[in-house]
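The values are calculated or read from the model by the stated rules, or taken from the named source; none is laboratory data. Keep in mind it's a predicted model, so treat the numbers as computed, not measured. In this analysis, Cβ positions are derived from the backbone assuming ideal geometry, glycine residues included, and neighbour counts consider all displayed protein chains. Keep in mind that these areas ignore ligands, DNA and RNA; they rest on the heavy atoms of the full protein, side chains included. Shrake-Rupley method; radii C 1.70, N 1.55, O 1.52, S 1.80 Å.
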Amino acid sequence: MKLVRKDLEKDNAGQVTLIPEEPEDMWHTYNLLQVGDSLRASTIRKVQTESATGSVGSNRIRTTLTLCVEAIDFDSQACQLRVKGTNIQENEYVKMGAYHTIELEPNRQFTLAKKQWDSVVLERIEQACDPAWSADVAAVVMQEGLAHVCLVTPSMTLTRAKVEVNIPRKRKGNCSQHDRALERFYEQVVQAIQRHINFEVVKCVLVASPGFVREQFCDYMFQQAVKTDNKLLLENRSKFLQVHSSSGHKYALKEALCDPAVSSRLSDTKAAGEVKALDDFYKMLQHEPDRAFYGLKHVEKANEAMAIDTLLISDELFRHQDVATRARYVKLVDSVRENMGTVRIFSSLHVSGEQLGQLTGVAAILRFPVAELSDQEDESSSEED
């Protein structure tokens, strides 16, 4: 994401002009947009024209519109963002108050105006415009006959390919069918890796599986690479890291990211930081339940006692349509930071973010036990439900 201009007043009203450069920038833009904002961008509009002879035709014309945002639709797999709203600025092709849908596109600038830019939104712009925040981890989670090829970006886990091949069981004295099917499966996974992983960006490719599947697959892949003189795979051999997972399903990726060998390799990525924070929370919940709380009311009470060391919060909560509810989450984040606590904003499209979402989307690891809050835990959880 490229920041072209930022004009903010003292009361934090104002506008920001940005150019999305990567597909992931659409996810950041989706998190910046709220109903009631003003969006100015280039779009294509079908316009009816009448010729001198009186015949009516229609042309598709590119024009710039300013909409009051009413609905936002984000397709996470295609990374496409459509914004629907009413025109609030005079235009020769579109009447005031007319409905239109703008599809935001990479490398085409837009201007977003808000009555109030809060700290969470401004922080997201900083992160989106920081080139260090890029998709630098890929993962192949596999078991015999099933594999998922994923890209782990700072904001989401994208499944780029799913490979499924029926593997017959080994039979006494005849393993040829099993071996042929397994080879066909491995070959399809290798093709998916070459098609979907950009080795110029990716620092590490995790190969995770139960048993010996990952070792057998890697042996096959690099033997074939030597036979076919596949320079792409051979030059990037050092980036492949084998780790254990319980299955070949996407959810098993969290286990792979928790592996200590992986954590040290990925210590500079946000994804690994999120997974570690959630893992620390679960350990605390198990061993010292007085220092681990979840649920908004419960976490707010812990914050009042200035007890929060690490706040875990899902970015989904900041997309709440109710302004007061959203402001409550922003206030919590600001307060924890003022009290020298760490705030980790999880992406709802990450496996770790999905798990946090199951815990109401907000959780906290405390600096010290707050026993009196434990007594209210059941009450608070029921209120959240």
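With unit charges on the beta carbons (Lys and Arg positive, Asp and Glu negative) and the dipole taken about the Cα centre of the stretch 2-129, which residue among HIS28, CYS68, THR53 sits farthest to the positive side?
The residue sitting most towards the positive pole is THR53.
Report the charge-dipole magnitude of the chain in Debye, nearest 20, computed about the Cα centre from +1 at each Lys and Arg Cβ and -1 at each Asp and Glu Cβ. Walk me through the intermediate numbers first.
On the way: 47 positive and 56 negative charges, 337 e Å.
Its charge dipole is roughly 1620 debye.
Treating the stretch 136-268 as a set of equal point scatterers at the Cα positions, no solvent, please give the Debye-formula log₁₀ I(q)/I(0) at q = 0.16 Å⁻¹.
Listed by q, the Debye log ratios stand at -0.78.
Quote the charge dipole size of the stretch 2-129 about the Cα centre in Debye, to the nearest 20; the model charges only the Cβ of Lys and Arg (+1) and of Asp and Glu (-1). Walk me through the numbers on the way to the answer.
Numbers: 16 positive and 19 negative charges, 85 e Å.
For the stretch 2-129, the charge dipole is close to 400 debye.
Check each of the trypsin sites (Lys or Arg not before Pro) in the stretch 1-87 and keep only those in coil by DSSP with at most 10 other C-beta atoms within 10 angstrom; list them in order. Show your work: numbers first, answer last.
Values: sites: LYS2, ARG5, LYS6, LYS10, ARG40, ARG45, LYS46, ARG60, ARG62, ARG82, LYS84; in loops: LYS10.
Listed in order of number, the matching sites are LYS10.
Would you mind checking the radius of gyration and Dmax of the stretch 1-144 based on alpha-carbon positions, in Å?
Looking at the stretch 1-144, its Cα Rg and Dmax stand at 18.2, 70 Å.
To the nearest 0.05, how large is the calculated FRET efficiency for GLU126 and VAL47 if R₀ is 41 Å and r is the Cβ-Cβ distance?
Details: r = 39 Å, r/R0 = 0.95.
According to the calculation, E is roughly 0.55.
Among the lysines, which fall within straight-line cross-link reach of LYS95, defined as a Cα-Cα distance under 20 Å, with same-chain neighbours fewer than 8 residues apart omitted?
By straight Cα distance, LYS95 reaches LYS46, LYS84.
For the chain, with every protein chain kept in place, what is the accessible area per residue (1.4 Å probe, Å²)? Kindly include the intermediate steps, with their values, before the conclusion.
On the way: 19630 Å² over 385 residues.
Per-residue accessible area for the chain comes out at 51 Å².
Between GLU9 and GLU304, what FRET efficiency comes out of the Förster formula 1/(1 + (r/R0)^6) with R0 = 25 Å and r the beta carbon distance, rounded to 0.05?
Computed FRET efficiency for GLU304 and GLU9 comes out at 0.20.
At R0 = 45 Å, how high is the FRET efficiency between GLN177 and LYS283 if r is their beta carbon distance? Nearest 0.05 is fine. Don't jump to the answer; show the numbers that get you there.
Numbers: r = 45 Å, r/R0 = 1.00.
E between GLN177 and LYS283, to the nearest 0.05, is 0.50.
Pull out the extension gain between GLN89 and GLN224, defined as 0.36 nm times the separation in residues minus the alpha carbon to alpha carbon distance; nm, one decimal. All intermediate terms of the calculation are to be shown ahead of the outcome.
On the way: separation 135, 0.36 × 135 = 48.60 nm, distance 6.06 nm.
Length gained between GLN89 and GLN224: 42.5 nm.
Any chance you could check the Cα centroid distance between the stretch 16-52 and the stretch 198-256 for me, in angstrom?
The distance from the Cα centre of the stretch 16-52 to that of the stretch 198-256 comes to 39 Å.
Which of these, VAL152, VAL16, VAL47, has the largest mean-square fluctuation under a Gaussian network model of the chain (Cα springs below 10 Å)?
Checking each option, the largest mean-square fluctuation is seen for VAL47.
Here is the link list: LYS2/LYS203; LYS115/LYS254; LYS276/LYS331; LYS2/LYS162; LYS114/LYS283. Which ones come out longer than 30 Å on Cα distance?
In this structure, LYS115/LYS254; LYS2/LYS162; LYS114/LYS283 exceed 30 Å between Cα atoms.
Using a 1.4 Å probe on the protein heavy atoms, what percent of the accessible area of the chain belongs to carbon and sulfur?
Values: 9040 of 19630 Å².
In the chain, the share of accessible area belonging to carbon and sulfur is 46 percent.
Given VAL201, THR153, VAL190, which one lies farthest toward the positive end of the charge dipole of the stretch 136-268, if we put +1 on the Cβ of every Lys and Arg and -1 on the Cβ of every Asp and Glu?
Checking the options against the dipole of the stretch 136-268, the answer is VAL190.
Identify which of the listed values of Cα Rg over 2.2 N^0.38 Å was calculated from the structure shown: [x] 1.18; [y] 1.05; [z] 1.12.
Correct label, based on the coordinates given: [x].
Positive end of the dipole of the chain, charges at C-beta (+1 Lys, Arg; -1 Asp, Glu), about the Cα centre: which of LEU122, LEU104, THR17 has its Cα farthest in that direction?
LEU104
When the distances between all Cα atoms of the stretch 99-214 are binned every 5 Å from zero, what whole-number percent does each bin get?
Over the stretch 99-214, the share of Cα pairs per 5 Å bin runs 2, 9, 14, 15, 13, 11, 9, 8, 6, 5, 3, 2, 1, 1, 0 percent.
Suppose every K and R has +1 on its Cβ and every D and E has -1 on its Cβ; what is the size of the dipole of the stretch 201-318 about the Cα centre, in Debye to the nearest 20? Before the final figure, lay out each step's value.
Values: 15 positive and 17 negative charges, 97 e Å.
So the magnitude is around 460 debye.
Relative to the present Cα-Cα distance, how much length would full extension add between ARG195 and LYS2 at 0.36 nm per residue of separation?
Values: separation 193, 0.36 × 193 = 69.48 nm, distance 2.74 nm.
Stretched out fully, the ARG195 to LYS2 stretch lengthens by 66.7 nm.
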